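All remarks here apply to the structure that follows.
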Amino acid sequence: MPDDHTTTLSTPRGLVAITGRAGAARRAAAHREFLADHWAELSAAAFEGYRRHGAGAVVLWRDAAPRRFRPRPFEPERLWYTTQIHAIPGTSSEDFDGWEARQLEAYDPQAEGLVVFVEGGALAGYRVAGDPAPPDALRQSRARMN
C-alpha cells in the first residue's frame, strides 16, 4: 500500500516488522520502541482477542499527550481489544474508514497483530509481525502460567 511505512527492528526474541501510515504519528519512534519491547505480550493479546471476538486491534490508551519539550517513552494507562476503530473514544468520522480501520479488513491474524495507540485523543495504528507470531505467543504465554 502506498501510504504504508514499514520499519524492522531487532529484539532479543527476533525481528519485529512494524507497519504504519507514512508520516502519521508524531510519536512513532516511541510507539515503535514500545511495540518492539512488548511484542510477545501484545501478540498474545491480539490473538486472544481475535479468537474471542474476531478481527480487531489491541488499544493502548493514555489520557494525556506527553509534553513536546520532554520526549518520553509511551506508558499506557489502559489496554483493551476492539473490533471497530471508530468505537474508540475520541475518534472522528474520518477514522471510520481511515488507515487503521482498513487494516482490520486486510491483516492476517495468524501472522500479524494490530495495535492502536491513543494519546491525548490522537490515534496512531500499526500492523505488526514478528517473533513470536500471534498463535505462538499465546501458546507460550499460557505455558508460562501452568
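The values are calculated or read from the model by the stated rules, or taken from the named source; none is laboratory data. Quick caveat, the model's predicted, so the values are computed rather than measured. No Cβ is skipped: glycine too gets one built from the backbone with ideal geometry, and neighbour counts run over all protein chains shown. Note: areas computed on protein heavy atoms with side chains; ligands, DNA, RNA excluded. Shrake-Rupley method; radii C 1.70, N 1.55, O 1.52, S 1.80 Å.
Quick look at the values:
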quantity: Residue in the stretch 1-15 that is farthest from Asp131 (Cα to Cα), counting only those that are open to solvent by 70 Å² or more (accessible area, probe 1.4 Å) and at pLDDT below 85; calculated: Pro2
quantity: Enumeration of residues in the stretch 16-39 that are farther than 14 Å from Arg127 by Cα and either open to solvent by less than 50 Å² (accessible area, probe 1.4 Å) or part of a strand (DSSP E or B) (or both); calculated: Arg27, Ala30
quantity: Single match in Trp80, Trp61 (criterion: free of Cβ contacts under 8 Å to residues at least 60 places away in the same chain, buried (at least 16 other Cβ atoms within 10 Å of the Cβ) and either farther than 30 Å from Arg142 by Cβ or within 12 Å of the chain's Cα centre (by Cα) (or both)); calculated: Trp61
quantity: Pairs with Cβ under 6 Å, 6+ apart, first in the stretch 27-40 and closer than 11 Å to Thr11 by Cα, second assigned to a helix (DSSP H, G or I) and open to solvent by less than 20 Å² (accessible area, probe 1.4 Å); calculated: Ala40/Ala137
quantity: Test for Ala133: is it under 18 Å from Gly14 (Cβ atoms), in contact with a strand residue (DSSP E or B) (Cβ under 7 Å, 6 or more places away or on another chain), surrounded by fewer than 21 Cβ atoms within 10 Å (Cβ to Cβ) and not basic (Lys, Arg); calculated: no
